[in-house]
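Here the structure is laid out as structure tokens; the discussion comes afterwards.
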Amino acid sequence: MAQIKEILKIEQTRETVEDCLIIHLFQEGTFYRAYELSAWLCFRYIKQFKATHRQLKTEGESLVLIGFPLTSLDKYQAEGNFKILHNEDKKVDIKISSEYLKEYEDIEHLYNDFFNWKMCVPLVTSKKKQEYPYSKGGDIKQSKNIDEVLQEIMLYPLENKTPIECMVFLSEIRKRIITNNKNMVNS
């Protein structure tokens, strides 16, 4: 995996609209990730992936990223939105059609649209555990708790989550159910 500094340097070397036709994908585990302008290009011209906007340790800097499973690249390529230019170790460069960026006379307009999109993606400030609607201090009535757990499971976006995130989600549900059952027995 490339370091964030290296990735940002690669993303910041674009000088023309033609340079912006290239999307840089970095392999991280079983996923490809695109950062900054590459993330926006993927979101806009390939698929509207869930975007994450993170604060960097450097004061005042942030980055936006998207990700998708390695196995999905062929599926998206089959849709005809891009062609693969380079497929190196842990990095893939793809090129979108120049037709997509015809509307941009210069790179400033393109970057304005990118920054406007980036600012619309909510900033994730910390990795606190997600609070689920059914966690109200453990004193929920059994039937209401079951309905809320079922609703939360139905609303959980599995297709946008990693296997680890799914395991954490399931573990959190299990803990809350066990805690709730203990509280009801002790009442």
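The values are calculated or read from the model by the stated rules, or taken from the named source; none is laboratory data. Remember, predicted model here, so these are calculated numbers, not experimental data. Cβ sites come from the backbone with ideal geometry, for glycine too, and all protein chains shown count toward neighbours.
Can you name the residue in region 38-79 that is of a type in the set (Val, Ile, Thr) and part of a loop (DSSP other than H, G, I, E, B) and, of all such residues, is modelled with the highest pLDDT? First the steps, then the outcome.
Keep residues of region 38-79 that are of a type in the set (Val, Ile, Thr), which gives 46, 52, 58, 64, 66, 71.
Restricting the remaining residues to those that are part of a loop (DSSP other than H, G, I, E, B) gives 46, 58.
Values: Ile46: 92, Thr58: 74.
Top of the filtered list is Ile46.
Please determine whether any residue of region 7-18 is surrounded by fewer than 11 Cβ atoms within 10 Å (Cβ to Cβ) and outside any loop (DSSP other than H, G, I, E, B).
Looking only at region 7-18, we keep the residues that are surrounded by fewer than 11 Cβ atoms within 10 Å (Cβ to Cβ), and these are 12-13, 15-16.
Next, only the ones that are outside any loop (DSSP other than H, G, I, E, B) stay: none.
Checking region 7-18: not a single residue is surrounded by fewer than 11 Cβ atoms within 10 Å (Cβ to Cβ) and outside any loop (DSSP other than H, G, I, E, B).
Could we say that Arg33 is modelled with pLDDT of 95 or more and either within 26 Å of Thr162 (Cβ to Cβ) or touching a strand residue (DSSP E or B) at 6+ places or on another chain (Cβ under 9 Å) (or both) here? Walk me through it before giving the result.
Values: modelled with pLDDT of 95 or more: yes; either within 26 Å of Thr162 (Cβ to Cβ) or touching a strand residue (DSSP E or B) at 6+ places or on another chain (Cβ under 9 Å) (or both): yes.
Against the criterion (modelled with pLDDT of 95 or more and either within 26 Å of Thr162 (Cβ to Cβ) or touching a strand residue (DSSP E or B) at 6+ places or on another chain (Cβ under 9 Å) (or both)), Arg33 qualifies.
If only one of Tyr76, Tyr35 is of a type in the set (Phe, Trp, Tyr), buried (at least 16 other Cβ atoms within 10 Å of the Cβ), over 20 Å from Ile10 (Cα atoms) and without any contact (Cβ under 8 Å) to a residue 40 or more places away in the chain, which one is it? Give the steps one after another, and end with the answer.
On the way: Tyr35 fails: over 20 Å from Ile10 (Cα atoms).
Going through Tyr76, Tyr35 in turn, just one is of a type in the set (Phe, Trp, Tyr), buried (at least 16 other Cβ atoms within 10 Å of the Cβ), over 20 Å from Ile10 (Cα atoms) and without any contact (Cβ under 8 Å) to a residue 40 or more places away in the chain: Tyr76.
Quick one: in region 122-155, of everything that is surrounded by 12 or more Cβ atoms within 10 Å (Cβ to Cβ) and within 17 Å of Thr52 (Cβ to Cβ), which residue is modelled with the highest pLDDT?
Leu123
Which count do you get for residues in region 81-96 that are without any contact (Cβ under 8 Å) to a residue 60 or more places away in the chain and under 15 Å from Phe43 (Cα atoms)?
Taking region 81-96 first, the residues without any contact (Cβ under 8 Å) to a residue 60 or more places away in the chain are 81-84, 86-89.
Add one more test, that the residue is under 15 Å from Phe43 (Cα atoms), and what stays is 81-82.
Qualifying residue count, region 81-96: 2.
Yes or no: region 90-100 includes at least one residue that is surrounded by 10 or more Cβ atoms within 10 Å (Cβ to Cβ), assigned to a helix (DSSP H, G or I) and either in the same structural domain as Ile22 (by TED's automatic domain parsing) or at pLDDT 85 or above (or both). Even if it seems obvious, please write down each step before you answer.
First pass over region 90-100, keeping only residues surrounded by 10 or more Cβ atoms within 10 Å (Cβ to Cβ): 90-98, 100.
Filter once more, keeping what is assigned to a helix (DSSP H, G or I): 98, 100.
Add one more test, that the residue is either in the same structural domain as Ile22 (by TED's automatic domain parsing) or at pLDDT 85 or above (or both), and what stays is 98, 100.
Yes, the conditions are met somewhere in region 90-100.
Here are Thr58, Thr13, Thr52: which of them is among the hydroxyl-bearing types (Ser, Thr, Tyr), within 19 Å of Thr162 (Cβ to Cβ) and out of contact with any His (no Cβ under 9 Å at 6 or more places or on another chain)?
Of Thr58, Thr13, Thr52, the one residue that is among the hydroxyl-bearing types (Ser, Thr, Tyr), within 19 Å of Thr162 (Cβ to Cβ) and out of contact with any His (no Cβ under 9 Å at 6 or more places or on another chain) is Thr52.
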